[in-house]
Amino acid sequence: MISSIFNALGRTRSYGGGWPTYNYRPLYLQAFDFFSRNLGMIIPAIITLIISLIVGFVIGAIGVALALAGLSIVAIEGVSFVIGLVSGIIITFLILIEAFEAMSVIGGGVPDLGLAWNSTVNSAQKILPTALLVGIIFGLLSAFRVPGSFIIEGLVLILVYIVASSIANGTRAGLGESLNWYSKAFSKDGLSSLILLLGGILSLVPILNLFVIPYTEILALLMIRHY
């Protein structure tokens, strides 16, 4: 019996946050376990999708009106920039909301949108520089119709996941620090890092991103706590 107890203890360990992590389960599978038991985490993504559609429709309608009015292509590109800017800011804040929900579920609780929203509002100043930079990048890619912009935006979102996870975890990492951390994490857990990369790209796919964003954020937070 004593042997069984020590064997059980040997299969678990804690990383800073206090919850047990089973070392025989890869982090990407642990993330799936947490997400599959807390599918309510898709609710913020659904709400954000609806808001994005409404905002995109309104701004797009303005762009069409400008085109019909015979305004220059520069004005139309300006509308594209605004759409990209708003989209980048919205998805950055969505990921931060998911980060706070992920903290709850990994800690053994349930997704609490109200608590996550309040935490996001209180942390707005920490994430705002990142949100603005991401918005500008998205806006420029949209305005100039850069080939492969979808991939570039997805790669940028990897860093957003890391920044949001660090904020939810009680620290604050900029985009530069996040890039440095990710490069080191890749050498420690290549598969989880690769899945995080794919998650960043697939976070831009409508409907699919309802599931990808919460899962990817849980994985990012687990990696932040683990490495």
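For every other residue with a beta carbon closer than 12 angstrom to the beta carbon of LEU141, add +1 if it is Lys or Arg and -1 if Asp or Glu, then tell me the sum. Taking every Cβ under 12 Å from that of LEU141, the sum is -1.
One decimal place: the segment VAL64-LEU29 gains 8.1 nm when fully extended, by the rule 0.36 nm per residue minus the C-alpha distance. When the Cα positions of VAL105, ASN38, GLY200 are compared along the charge dipole of the range 27-226, GLY200 comes out farthest toward the positive end, with charges on each C-beta of Lys, Arg, Asp and Glu.
Stretching the chain fully between TYR227 and ARG145 yields a gain of 25.8 nm (0.36 nm per residue, less the alpha carbon separation). Going 7 Å from the Cα of ASN122 toward and past its Cβ, which residues in the range 148-172 have a backbone nitrogen under 20 Å from where you end up? Residues 163-172 fall inside that zone. Straightening the chain between LEU115 and ILE51 buys 21.0 nm, computed as 0.36 nm per residue apart minus the Cα-Cα spacing. Dividing the helix sum by the residues of the chain, where each DSSP H run of 4 or more adds -39500 (n - 2.57), gives a mean residue ellipticity at 222 nm of -26000 deg cm²/dmol. Computed on the chain, the Cα convex hull volume stands at 120 Å³ per residue. Near TYR227, once Lys and Arg are set to +1 and Asp and Glu to -1 for all other residues with Cβ below 13 Å from its Cβ, the sum equals +2.
For the chain, what are the DSSP H helices with axial Cα length of 24 Å or more and mean Kyte-Doolittle hydropathy of at least 1.6? Those that pass (Cα extent of 24 Å or more, hydropathy at least 1.6) are 42-68, 73-106, 124-143, 149-168.
All of the numbers you see were taken from the coordinates with simple rules; none came from a lab. Because the structure is a prediction, the values reported are computed rather than measured. Neighbour counts are summed over all protein chains in view; Cβ atoms, including those assigned to glycine, are modelled from backbone coordinates with ideal geometry.
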